[in-house]
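Taking it in order: structure first as structure tokens, then the write-up.
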Amino acid sequence: MTAPSTFGLSSEARNLHWLLTNLVEEVPGIQSVAVVSSDGLLLLSSDPGHTEQSRQKVKTKGPKGSSADLATIVSGIGSLTVGAARLMDFGGVKHTMIAMDEGSLFVMSISDGSLLGVHGSAECDMSVVAYHMALFVGRAGHVLTPELRSELRKSLEAESTGSAQ
């Protein structure tokens, strides 16, 4: 994984990038991670290839090898599970885990509708991934303010514009 540039970001944004990098590097089997806002926009990514140009250059296994695609999936699953919880009147959704033949998908609520999505390999230990995701959420949830979400979004947009030139 190539760490995204944190030059010019606030200390909170740099800390969030650091937490995300640690999550990916410390937990065996994690392939990509995406933090998604309540409206489905990618805020933070472990994947330096979240732009269309980068996706065409890098071919990896998973949701087209891109955290932007992972963000789309996470947003959809998050929306579906929230709707299901409302219909069943069971309260808020804390996390969702999907085990597939060749990998796993984890979605966990952070705060104010933001979500953490993790794509794991088939060999990953689901309980270890879930534990480390809960640690990330516990550390990141209180700092993921509307201002920080706006800063992260602008950072991704600037990065996308810079790579498209």
Fill in the blank from the handout: Going through segment 128-156 in order, the residues found to be over 16 Å from the mean Cα position of the chain (by Cα) and open to solvent by 60 Å² or more (accessible area, probe 1.4 Å) are His142, Pro146, Glu147, Lys154
Fill in the blank from the handout: Taking segment 35-81 and the residues there that are of a type in the set (Val, Ile, Thr) and at pLDDT 90 or above, the one that is farthest from the chain's Cα centre (by Cα) would be Thr81
Fill in the blank from the handout: From the option list Phe90, Phe106, single residue qualifying as at pLDDT below 90 and of a type in the set (Phe, Trp, Tyr) is Phe90
Handout entry: Complete set of residues in segment 99-127 that are surrounded by 13 or more Cβ atoms within 10 Å (Cβ to Cβ) and outside any strand (DSSP E or B)
Key = Ile110, Ser111, Gly113, Ser114, Cys124, Asp125, Met126
Handout entry: Positions within segment 71-106 being closer than 19 Å to Ala122 by Cβ, free of Cβ contacts under 8 Å to residues at least 24 places away in the same chain and charged (D, E, K, R), in sequence order
Key = Asp101
Exercise for the section: For Thr96, indicate whether it is at pLDDT 90 or above and not in a helix (DSSP H, G or I). Expected result: yes
Exercise for the section: Tell me which residues, restricted to segment 15-48, are assigned to a strand (DSSP E or B) and of a type outside the set (Gly, Ala, Ser). Expected result: Ile30, Gln31, Val33, Val35, Val36, Leu42, Leu43, Leu44
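The values are calculated or read from the model by the stated rules, or taken from the named source; none is laboratory data. Computed from a predicted structure; not experimentally measured. Positions of Cβ are generated from backbone atoms using ideal geometry, with glycine treated the same way; all protein chains shown enter the neighbour counts. The accessibility values were calculated without ligands, DNA or RNA, using every heavy atom of the protein model including side chains. Shrake-Rupley method; radii C 1.70, N 1.55, O 1.52, S 1.80 Å.
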